[in-house]
Amino acid sequence: MEKRVVFNERWLPYLLVAPQMLITLVFFFWPSAQAMWQSVLVEDAFGGNSKFVWFENFVSLLSDPSYYDSARLTLIFSALVASIGLAVSLLLAVMADRIVRGASIYKTILIWPYAVAPAVAGVLWGFLFNPSVGVVVWLLHGIGIDFNYVMNGNQALLLVVFASVWAQVSYNFLFFLAGLQSIPKSLIEAAAIDGAGPTRRFWDIVFPLLAPTGFFLLVINTLYALVGTFGVVASLTQGGPGQATNILVYKVYNDGFRGQDLGGSSAQSVILMVLMILLTFIQFRFVERRIHY
Amino acid sequence: MVENRPWLTFFSHLTVIVGVIIIAFPIWMTFVASTHDQATMLQSPVPMWPGTHLFENYRDVLERGYDGRPGTVPLYVTLTNSLVMALGVAIGKILISIISAFAIVYFRFPLRMTFFWMIFVTLMLPVEVRIVPTYGVVANLGMLDSYPGLIIPLIASATATFLFRQFFLSVPDELAEAARVDGASPMRFFWDILLPMSRTSIAALFVIQFIYGWNQYLWPLLITTKESFYTIVMNVSRQANVVDATPSWNLLMAMAMLAMLPPVLVVMSMQRLFVRGLVETEK
């Protein structure tokens, strides 16, 4: 879409985009180019000298079993965060949409977690599940379950998933609710008159019409699980115990910033960037199409 | 409501209430923990009902910081840093995005689409995937441990630019035409017509971006080394990771409450704007 009426000025438009362009170039393009450049260099242990090594960093990364472990873990983690997050928020949105009385109070509370930073969410859940004073651990102990996320890798992963889902639920809920409210009531009424019960109406009318929203949220949630959950991991487990919660985005930070392996970390950055670009591309292809439906 | 099904209505309420309880429970427990003294919070089971040390705990962390050892920065400094950063990011994003959207929609100039795509690409390059080199750039510019370092690298914004672009495209052409016929300069048109019309979009965007800025974690973690530049979110997370023999859960949770309170208040007091801003920026 383009404007029919435009102003004719020679320099003004450049002046107007200059601040945005300057920041984009200095803080986005330049570092990203550097990440790509560093990913083909090896720096010796004393710093200073770096050597061009073609794709050696990528080769050693891709032949490193710990990288595959982290990639596999990220896949499981993202699938869990996205599926649980979407299922829970869809259920809540469908139920909240039915409710007439008290709906706004429910809604107000359900959008709280959006305002809580993932890093703070990690601290909150870490407190609830703290091995010595956590109230949930105490309750679980009462029914015979020993929960210790500091020692047990699977439990740690589960806890990171819960905290991540909790922090993202409001976002999904709001979008599903907006999607539900844009479904024409006449469709639902017509189906009801024809004798379709609530379950049938949900699966045959509501669910298909929500599919675009659901797909959009699936992409957003995958991006969130890939990148946005950094704060949760950093606050809760720091990748541990062992490597149990060392997802790719945390590994980039850990190897590059703490382990000082610049080449390896940059190669990981480049791989993550490619993933992000693919996902964003899918998202926008879909948004373009959604406009016409 | 299509038909009356009491059982289904009951079930809906039940589901949502269970959801609300699970959502609110971590926040409730955090609040409760911040109202007891240290000893109470060290023995399991911890209380589930508020105690009597609320003011004491909050005064403690605000005035002395988490453990009050020499050199610890009191939390009001940290909170101020977060506020400066959140306001700076929100206002900065809105300022540079609205003028670049204005240029892209209302002018025809060489490289226009190149600029547009360059802004678009920033969506795909969050800080998390280019940690080390971005740190390098900021360090070279001498912006570590400074407010500009906390704010400026985060204010490039594709989403805000797109939102304003969408909005400007929906503004009737006749307005620009009339302004031009009357001899108004482009900037006059921008100030007197476009800007006042964009008020609601600006407010909605402000709410979203304020929360975004306040909740930043990795960025302040990377570029601050002095405690006087820490932000509250990273400080809470950092403190939670320090292994203490006898952790002061009461104080840590008071800090967590202070980290959550401003954005929660913003969301609740401007719920309508917030929902609008969220649903519109993301589509």
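The values are calculated or read from the model by the stated rules, or taken from the named source; none is laboratory data. All values derive from a computational prediction rather than experimental measurement. Note that each Cβ is placed from the backbone with ideal geometry, even for glycine, and that neighbours are counted across all protein chains shown.
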statement: The residue that is farthest from the other protein chains (Cβ to nearest Cβ), considering only those in the range B:8-64 that are under 14 Å from residue B:247 (Cβ atoms) and surrounded by fewer than 18 Cβ atoms within 10 Å (Cβ to Cβ), is B:37
task: Quickly run through the range A:72-95 and pick out the residues that are surrounded by 15 or more Cβ atoms within 10 Å (Cβ to Cβ) and under 21 Å from residue A:271 (Cβ atoms).
output: A:73, A:74, A:77, A:78, A:81, A:82
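Would it be correct to say that residue A:84 is in a helix (DSSP H, G or I), within 9 Å of chain B (Cβ to nearest Cβ) and under 19 Å from residue B:19 (Cα atoms)?
On the way: in a helix (DSSP H, G or I): yes; within 9 Å of chain B (Cβ to nearest Cβ): no; under 19 Å from residue B:19 (Cα atoms): yes.
It is false that residue A:84 is in a helix (DSSP H, G or I), within 9 Å of chain B (Cβ to nearest Cβ) and under 19 Å from residue B:19 (Cα atoms).
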Failed criterion for residue A:144 (all others in (1) surrounded by fewer than 18 Cβ atoms within 10 Å (Cβ to Cβ); (2) part of a helix (DSSP H, G or I) hold): (2)
field: All positions within the range B:183-230 that are assigned to a loop (DSSP other than H, G, I, E, B) and either over 18 Å from residue B:87 (Cβ atoms) or within 12 Å of chain A (Cβ to nearest Cβ) (or both)
entry: B:183, B:184, B:185, B:198, B:215, B:216, B:217, B:225, B:226
- prompt: What tally of residues in the range A:98-125 results from selecting those that are crowded, with 24+ Cβ neighbours inside 10 Å and either closer than 25 Å to residue A:201 by Cα or not hydrophobic (A, V, I, L, M, F, W, C) (or both)?
  reply: 3
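Looking at the range B:19-52, which of its residues are polar (S, T, N, Q) and either in contact with a helix residue (DSSP H, G or I) (Cβ under 6 Å, 6 or more places away or on another chain) or assigned to a loop (DSSP other than H, G, I, E, B) (or both)?
Within the range B:19-52, the first condition is being polar (S, T, N, Q), and the residues that meet it are B:30, B:34-35, B:38, B:40, B:43-44, B:52.
Across the range B:19-52, the qualifying residues are B:30, B:34, B:35, B:38, B:43, B:44, B:52.
Test of understanding: among B:180, B:276, B:238, which residue is within 30 Å of residue A:9 (Cα to Cα) and assigned to a helix (DSSP H, G or I)? Outline the logic, then answer.
Working: B:276 fails: within 30 Å of residue A:9 (Cα to Cα); B:238 fails: within 30 Å of residue A:9 (Cα to Cα).
Criteria check complete, one pass: B:180.
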statement: Over the range B:251-275, the set of residues in contact with a helix residue (DSSP H, G or I) (Cβ under 8 Å, 6 or more places away or on another chain), more than 10 Å from chain A (Cβ to nearest Cβ) and modelled with pLDDT under 85 is B:270, B:273
task: Test each condition in (1) in contact (Cβ under 8 Å) with a residue 60 or more places away in the chain; (2) buried (at least 20 other Cβ atoms within 10 Å of the Cβ); (3) more than 22 Å from the chain's Cα centre (by Cα) for residue B:92 and report the one that comes out false.
output: (3)
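Residue-wise test of (1) more than 7 Å from chain B (Cβ to nearest Cβ); (2) outside any helix (DSSP H, G or I); (3) out of contact with any strand residue (DSSP E or B) (no Cβ under 9 Å at 6 or more places or on another chain); (4) in contact (Cβ under 8 Å) with a residue 40 or more places away in the chain.
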| position | (1), (2), (3), (4) |
| --- | --- |
| A:2 | yes, yes, yes, no |
| A:42 | yes, yes, no, yes |
| A:58 | yes, no, yes, yes |
| A:68 | yes, no, yes, no |
query: Has the range B:54-73 got any residue that is among the hydrophobic types (A, V, I, L, M, F, W, C) and closer than 30 Å to residue A:190 by Cβ?
result: no
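Can you tell me which residue among B:80, B:40, B:52 is hydroxyl-bearing (Ser, Thr, Tyr) and under 25 Å from the mean Cα position of the chain (by Cα)?
Values: B:40 fails: under 25 Å from the mean Cα position of the chain (by Cα); B:52 fails: under 25 Å from the mean Cα position of the chain (by Cα).
The conditions single out B:80.
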field: Scope the range B:95-126; condition buried (at least 20 other Cβ atoms within 10 Å of the Cβ), aliphatic (A, V, I, L, M) and modelled with pLDDT under 85; matching residues
entry: B:124, B:125
